[in-house]
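I have placed the structure first, in the form of structure tokens, so that the comments after it can refer back to it.
The values are calculated or read from the model by the stated rules, or taken from the named source; none is laboratory data. Note that this is a predicted model, so its numbers are computed, not measured. With ideal geometry, Cβ positions are generated from the backbone for all residues, glycine too; neighbour counts draw on all protein chains shown. We work out accessible area using only protein heavy atoms, side chains counted, and drop any ligands, DNA or RNA first. Shrake-Rupley method; radii C 1.70, N 1.55, O 1.52, S 1.80 Å.
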Amino acid sequence: MINPLISIIIPVYNVEAYITRCLDSLKNQTYKHIEIVVINDGSTDNSLSIVEEIGKTENRIRIYNKENGGQASARNLGISIAKGEYFMFVDSDDYLDNNAVQACVDIVNSQQCDLIVFDYYKVNKQGQKQHIHLGTELHTCSAGPCNKLFSRKLWENYRFPEGYWYEDLGIVPVVVANASNIAKIDQALYFYDISRDTSQTNTINPLKLNDKIYMVENVYKELEKQGKLNKNLNKVEYLFIDHLLNGLLFKLMYVEDTTVRMNIAVNIKTTMDRYFPKWEASVKHNNKGIKKLMKRIVIHQYLKGQFLLGDVLLKYPKQLKKKIV
């Protein structure tokens, strides 16, 4: 393969303060045979004009404009028009290590792999970095697409679910489960900026929280349809636990409306009971130690609709810690 074309797909929506940094990290890649596929998803700020200005001096940037339809629709358009033999995804408020693409291409040229996973950094408002170490299984490699290099063949039959939040979760684990040979780079090559207050990561929209349930259900149903569920059942169970109990359930502490809280808590428990009736034993097995015991207590309190104790154990200490910091 030696010198494959790598398509880097970037959905852009109102990120005028971040897009230059993102594109600079791609222009400065040590591996040069890339195309930078920018999908402007109906931005109303100066994002498009910034990208166009940068594009005047960088012929590897391809710009496409569309009406606002959300990140999933922008990525799906990028997949459809990308020309590369391999795909990478970068969110427009994040950025890549300058050697990220080269590191992936080196692996591609030394191994017959169709998926490469690498670690990433979380970067906060103070610029502090936290190294997130990942595995290669569908439940340990991150449900996001941005810390990976994919063979384009992996996406031939898949697209991101449109009209939902957390759309990564609904399809990336399925794509990972269909990879025949996964390689791992034990370096953080992606910088995930968690400082932007308006990003989906930092936004709690009660009307969209149930989307997490729909997305993990989609993974279950897709793998079941392909006949690949049984061999991945334990991994899918931990995906459900991680994203519904350790993820979605703990977002409820920031939802003020108790009726909404109760509705989502009921939906979570109903979903867990339906797909994995013995999930409580798995949670107990993986939550040993004082902190994890407290977490387990909060999970059970929230699922019973008893939010006060859970808030006392988790929410209020977090708020206090934030004020101190």
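Assorted remarks:
- Treating each Cα of segment 130-179 as one equal point scatterer and applying the Debye formula with no solvent, the log10 of I(q)/I(0) at q = 0.14 Å⁻¹ comes out as -0.35.
- Helix 100-110 vs. the chain, principal-axis angle (Cα, 0 to 90°, nearest 10): 80 degrees
- The charge dipole of segment 148-245, taken about its Cα centre with unit charges on the Cβ atoms of Lys, Arg (+1), Asp and Glu (-1) only, comes to about 380 debye.
- In angstrom, the C-alpha Rg and Dmax of segment 63-120 are 13.7, 41.
- Cross-link pairs LYS129/LYS225; LYS153/LYS235; LYS56/LYS83; LYS184/LYS269 - those with Cα-Cα distance over 28 Å: LYS129/LYS225; LYS184/LYS269
- Looking at the chain, the accessible area is 48 square angstrom per residue; that uses a 1.4 Å probe and ignores ligands, DNA and RNA.
- Solvent-accessible area, 1.4 Å probe, carbon plus sulfur percent, for segment 138-274: 46 percent
- The Cβ shell under 12 Å around LYS228 holds other residues with a net charge of +2, Lys and Arg each +1, Asp and Glu each -1.
- The chain - Kirkwood radius from inverse mean 1/r over Cα pairs (Å): 20.9 Å
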